[in-house]
Every structure is written in C-alpha cells, then in structure tokens.
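Report on one structure; see the data block that follows.
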Amino acid sequence: VDWALALHGGAGTILREHLSPEDETRYRAGLEVALAAGRAVLEAGGTALDAVEETVTALEENPVFNAGKGSVLTAEGAVEMDAAIMDGASLDAGAVIGLRRVRNPVRLARQVMEHSPHVMLAWQGAEDFARHMGAETMALEWFVTGHRSTQLAEARAANVVSLDHSDGKYG
Amino acid sequence: TVGAVARDRNGNLAAATSTGGMTNKQPGRVGDAPLIGAGTYASNRSCAVSATGHGEMFIRLTVARDIAAMMEYQGLDLAAATYRKVHEELPRIDGAGGVIAVGAEGAPVLSFNSEGMYRAAQCEGAAPIIAIFED
C-alpha cells in the first residue's frame, strides 16, 4: 500500500486581493513544513496516526494558522483551543475542548485517546488531565499574535464573528 | 482550523484536527473540530476526514462521518461522497468550508466550497501539491 497524506490550514473567504505576496509565501512555507513533518513519518514506515499528529503539531506551531500559537481570540480576548484525533484501525478517538494554556492540543487529544477511558475532555477537566500527563503549557502571550488581536478589534467594532481567514462575517 | 489525514503503508487511516475557533466567538462556543463524526473521523472501512469552516453547519450535517457512511452503505467512492457533502448539502445551509479526506487507496481528496482553502497533499512517489485557491 502506498502512503498518502493531506492537510489543511483553514478555509474561508480568502480573497486574492487581500493576500499579499509576502503572506502567500508565509502560508505556502508553513504548509510545506507541515507536509514534510508528516511525510517524514510515513516515508520511514511510521503509522498514519503518528503522521497526522506530527503534521498538525507543525501547523499548531506556525502562527499564521488558527490553532495553537496564532489562535483566534474570543469576545473576551482569550484563546480557547480544541482538537481531536482518530485512529481508523481501532476506531479509538480522543478530543479536547476549551484549552487555554496547552501548547499542542492535538498531542493532548492523543493522550486522552491512549491514557484515559474517555473520548473527550473539556475545560478545567482537560487542563487538569494535561497537568497530570505533564503536557507542555505556555503563557497567554505565546498564543496571541498581533494579527489576531487586530482581527478581534475589527470584529468587535463591526459586532461580528468571523472565520479565521475570512472577510465574510457571521453577524 | 488545521487538520491532517493520512494512510500508512499498512493501509491504516487516521485523522486529526485542531482549532482556535472563530474570531470574537462567544466564550464556550465549540465548533465541529473536536466533535468526532462532525469535523474529524477515521475508519479503515471507509476513509479519514478532517474539516474546516463554519462549524455549526458541519455539526448539523455530521459531515465527516456522513462521508464515511456514504462510502460504507451506499458504495460511493471518496470523491463522490465528498462532493455531495461539500458542494451539494453544505451550501444549502450556508455551510462554508471544506474537507480533506483519504481512503484505502488512491490520492487524497481536498474539497471546499469557500473562496479558498490552505492545503497540501502528497502520495508516495509523487510530487507534493500545495495550493490556496481553486487552481
């Protein structure tokens, strides 16, 4: 069986005229880095589960994407991160909701899958589980970028909610 | 939102999705990404799926699991099942966004009904694909 890998970094109303050549270069570079992370796992004979975890972790580490570092902000100016992972061979799954300090939510989702009897942990329960598992946490400043702060200010001014890469609004 | 789907050399499939949600969202709002069957799903019997977009709509249509179910119960191939969900059903309820999916064989399917989707894919022995807009 040949390996195969695909990834996304979000969707929305991504208008060409709003995407500068410099930004497009940053996005494409981030996609290539993430693809390389998953590809390295699969080329070495690793599992699909490891490949998707490494790919998503690479995307979480890149501030241009809306996950982990670079997450969008709630109306209160906080980050609330969610993640899930699923193993097609066993139908095992793990998910986390409302994380505020865990550096890589997808890794914690996998730990929920592998080290808890549950499929999903949320909010304080997920944070407590993260501490129990020794998950790496970061200060709020790690997750918040100037770009996302500007997006929040604009959304507040217009009284709308918007997708991470969107100029299309859900009022 | 970000996500990945993969098939390894043993034929096993997996999916993962991670997100911050929507800008200026109500605290406590949860979209489709962490909901197994809505934004994330994987089964070796059908496919692995990760979604991105207007999460409430993806939840209402249980997008990821429904694509898998169409393959399992209707015998649709991955491209047809994905097309039906993303281009025929989601737009009817203003569901903007897309999915990436991979099955037991063949290349991944990357499908979206929005203006663009940041995406990349590669199969063993083939060149990588990196794209943003329709082309």
Cα centroid of the range B:63-135 to Cα centroid of the range A:51-100, whole Å: 20 Å
Which residues make up the longest stretch of chain B clear of GluC sites (Glu not before Pro) that lie in a DSSP loop with no more than 13 other Cβ atoms within 10 Å, not counting the sites? B:1-104
Tell me whether the range A:4-71 comes out rounded, prolate or oblate; compute the Cα gyration tensor, take square roots of the eigenvalues as a ≥ b ≥ c, and use a/c under 1.5 as the rounded threshold. prolate
Can you tell me what the convex hull of the Cα atoms of the protein assembly as shown projects to on average, as an area in nm²? 14.1 nm²
Residues in the range B:98-135 that a label on A:Ala40 would reach, taking backbone N under 19 Å of a point 7 Å out along Cα→Cβ: B:120-125, B:128-129
Taking the simple approach of a point 7 Å from Cα along Cα-to-Cβ for both A:Ala139 and A:Leu19, what is their distance in nm? 3.4 nm
Nearest 500 deg cm²/dmol is fine: what mean residue ellipticity at 222 nm does chain B get from its DSSP H runs of n ≥ 4 alone, each adding -39,500 (n - 2.57), divided by its residue count? -3500 deg cm²/dmol
Loop only by DSSP, 16 or fewer other Cβ within 10 Å of the Cβ. Give me the GluC sites (Glu not before Pro) in the range A:1-100 that pass, ordered by residue number. A:Glu76
Please list the non-local residues whose amide H lies under 5 Å from the amide H of A:Gly70, H modeled 1.01 Å from N, same-chain partners needing a gap of 5 or more. A:Val144, A:Thr145
Could you run the Debye sum over the Cα atoms of chain B, one equal point scatterer each and no solvent, and tell me log10 of I(q)/I(0) at q = 0.20 Å⁻¹, two decimals? -1.16
What are the ³J(HN,Hα) values, in whole Hz, obtained from phi via the Karplus relation 6.51 cos²θ - 1.76 cosθ + 1.60 with θ = phi - 60°, for each residue of the range A:98-111 in sequence order, with x given for Gly and Pro? x, 6, 10, 9, 6, 5, 10, x, 5, 5, 5, 4, 5, 5
Using each residue's phi in the range A:118-133, evaluate 6.51 cos²θ - 1.76 cosθ + 1.60 at θ = phi - 60° and report the 3J(HN,Hα) Karplus result to the nearest Hz, with x for Gly and Pro. 10, 8, 9, 10, 10, 6, 4, x, 5, 5, 4, 4, 4, 5, 4, 8
Rounded if a/c is under 1.5, else prolate if a/b beats b/c, else oblate: with a ≥ b ≥ c from the C-alpha gyration tensor eigenvalues square-rooted, which is the range B:59-109? prolate
Take the alpha carbon gyration tensor of the range A:35-171, find the square roots of its eigenvalues, order them as a ≥ b ≥ c, and report rounded if a/c is under 1.5; if not, report prolate when a/b exceeds b/c, else oblate. prolate
Near the amide H of B:Gly116, under 5 Å away, which other amide H atoms are found, from residues 5 or more places off or on another chain, if H is placed in the peptide plane? A:Gly12, A:Ile14
Give me the Å³ per residue figure for the convex hull around the C-alpha atoms of the range A:28-103. 90 Å³
Provide the per-residue ³J(HN,Hα) series for the range A:73-79, in order, calculated from phi with Karplus coefficients 6.51, -1.76, 1.60 and θ = phi - 60°, each as a whole number of Hz, with x at glycine and proline positions. 10, 6, 4, 8, x, 9, 9
Helix-only mean residue ellipticity at 222 nm, chain A, DSSP H runs n ≥ 4 weighted -39,500 (n - 2.57), per residue, nearest 500. What is it? -14000 deg cm²/dmol
Name the long-range amide H neighbours of B:Lys25: under 5 Å, sequence gap of 5 or more, or other chain; modelled H, no Pro or chain starts. A:Ala75
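Here, each number is a calculation from the coordinates, and none is a lab measurement. Note that the coordinates shown come from a computational prediction; the quantities given were computed from them, not determined experimentally. When we count neighbours, we look across all protein chains shown, and the Cβ atoms used for this are built from the backbone with ideal geometry, even at glycine.
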